[in-house]
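A short worksheet on the structure shown next.
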Amino acid sequence: MIIEEKIQQKAYELGIHKCGIIKPEAMLDYADRLQERIDHIPNLEMPYKKFLLFSDVKKNIPWAKSIIVLVSHYGHYRVPKESITEHYGKYYLVDSRFNQDSPERQKIFELENYVHDLGIKTAWNEHPGITAMRWAAYKAGLGIIRRNNFFYTEKGSWVTITALAADREMERIEKPSLSECSDTCNKCITACPTKSLSAPYVMNMTTCVSPITTSNDKTSFDDETNRCLGKSVYGCDVCQNVCPQNANKWENKDTFPGLMELAKHLSPEAILTLNYEEIEKQLSQKFFYIKKESLWRWKTNAINAMVNDYREDYGNHIRNALEDEFEMVREKAQWALQKLGQ
Ligand code: SF4
Ligand code: SF4
């Protein structure tokens, strides 16, 4: 058996959903795809420039001779009830990155050990990764990228991708059996609450709910943006939820370690009752995009979600936030009470 087959077979034995191997050069045209996006939305040049490095893996890892691409499926997990999940991108609830208890993460490490035993050196990191994950998985033929920019396999878009640089020349490209999006389907574009997804494959990350709700900048947003954020506290699944290619694909059957216990802290009202030590202890490790110095973002997001879906019992929580130790939260509470006419 050739070495590529051995690695792929081991990945499947471990229960990794997909495995392919590409040459580092296969990623070079990612720079062109990035440029196409910038051409559509010129103010993306600055935020997208940092991704250019992803196209040239050898710049950071000169000894890389191949990239092992692994796709893990997370849509099999049971998630908390709708009143909690409507505030979160589901990926973040079952995020395997930096989570030692995550079975998906353990499988990646097991596979890496196997690759080492074959005498191959590897390098990777959990965030932001060594290359552009969706493009790498597409180049490995493990699935396709749909018009909402998400990577899909036959299990829908509820998958996450890891890439390992390897110091051995290898290649294993699969052939996906998925059909492309219909030319007449625009459900994801129409549903995007901020119009960040404005055309097929064209997404402005500066206006997407996910980066906005996880922003560490001390910015407050205009009323229209606040309204468009809806009930979101951390992330957004709208353009994936409405996609017919995801219909009935969330399996909701297995328990993700610690998630159900954590659920009691995840509602907007629960967040407003937590002090900052508790937020750091309970939420920061899992939801790592909001950094420790910006924990106030949790409370401003919770207040915003409350305003957009107001219930009477929220009033006291918002009034209590007028005394918060962070000015950003006090201002947000003031803004909320004004909006609510209280
Ligand atoms: S994640 Fe949400 S805000 Fe971002 S493009 Fe998709 S629907 Fe729009
Ligand atoms: S909603 Fe339609 S256009 Fe958008 S990704 Fe899904 S199938 Fe493609």
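What follows is calculated from the coordinates using simple rules that are stated; it is not laboratory data. Just so you know, these numbers come straight off a predicted model, no measurement behind them. Methodologically, a virtual Cβ is constructed for each residue, glycine included, from the backbone with ideal geometry; neighbour enumeration extends over all protein chains shown.
Provide the FRET efficiency to the nearest 0.05 for the residue 180-residue 49 pair, computing r from the beta carbons and using R0 = 35 Å.
E between residue 180 and residue 49, to the nearest 0.05, is 0.75.
How do 67, 145 line up, fewest other C-beta atoms within 10 Å first?
145, 67
What percentages make up the Cα-Cα pair-distance distribution of the chain when the bins are 10 Å wide from 0?
Binned Cα distances yield the sequence 5, 23, 31, 25, 11, 3, 0, 0.
Using square roots of five times the C-alpha gyration tensor eigenvalues, list the equivalent-ellipsoid semi-axes of the stretch 223-315 in whole Å, biggest first.
23, 20, 13
Can you tell me the FRET efficiency between residue 58 and residue 309 if r is taken as the Cβ-Cβ distance and R0 is 45 Å, rounded to the nearest 0.05?
After rounding, the FRET efficiency stands at 0.40.
For a quick check: sort 206, 300, 219 by the number of other beta carbons within 10 angstrom, fewest at the front.
219, 206, 300
To the nearest 20 Debye, how big is the dipole of the stretch 269-342 about its Cα centre, given +1 on the beta carbon of each Lys and Arg and -1 on that of each Asp and Glu?
With only Lys, Arg, Asp and Glu charged at Cβ, the dipole is about 260 debye.
Starting from the Cα-Cα distance between residue 278 and residue 219, subtract it from 0.36 nm times their residue separation and give me the gain in nm to one decimal.
18.9 nm
How about the chain: what cysteines have no other cysteine beta carbon under 4.7 Å from their own?
19, 181, 185, 192, 208, 228, 236, 243
Calculate the dipole size of the stretch 124-199 relative to its Cα centre from +1 charges on Lys and Arg beta carbons and -1 charges on Asp and Glu beta carbons; express the result in debye to the nearest 20.
The calculated dipole for the stretch 124-199 is roughly 300 debye.
Of the options 88, 176, 250, report the single residue whose Cα projects farthest towards the positive end of the charge dipole of the chain (beta-carbon charges: Lys, Arg +1; Asp, Glu -1).
Of the candidates, 176 comes out farthest on the positive side.
Under 1.5 on a/c is rounded, so check that first for the stretch 76-161, then, if it is not, pick prolate when a/b is larger than b/c and oblate when it is not; a ≥ b ≥ c are the square roots of the alpha carbon gyration tensor eigenvalues.
Verdict is oblate for the stretch 76-161.
Points 7 angstrom from Cα along the Cβ direction at residue 316 and residue 251: gap in nanometres?
My value for the distance between the label points is 4.3 nm.
Within a Cβ distance under 11 Å of residue 301, other residues only, what is the Lys/Arg minus Asp/Glu net charge?
Counting the neighbours of residue 301, the net charge comes to +4.
Specify, per residue and in Å³, the volume enclosed by the convex hull of the alpha carbon atoms belonging to the stretch 263-325.
81 Å³
Apply 1/(1 + (r/R0)^6) to the Cβ-Cβ distance of residue 2 and residue 78, taking R0 = 45 Å, and write down the FRET efficiency to the nearest 0.05.
The pair residue 2/residue 78 has a calculated efficiency of 0.70.
State to the nearest 20 debye the size of the charge dipole of the chain about its Cα centre, where the only charges are +1 on K and R beta carbons and -1 on D and E beta carbons.
Its charge dipole is roughly 400 debye.
Could you tell me which of 3, 266, 289 has its Cα farthest along the dipole of the chain towards the positive end, charges placed at Cβ (Lys, Arg +1; Asp, Glu -1), taken about the Cα centre?
Of 3, 266, 289, it is 3.
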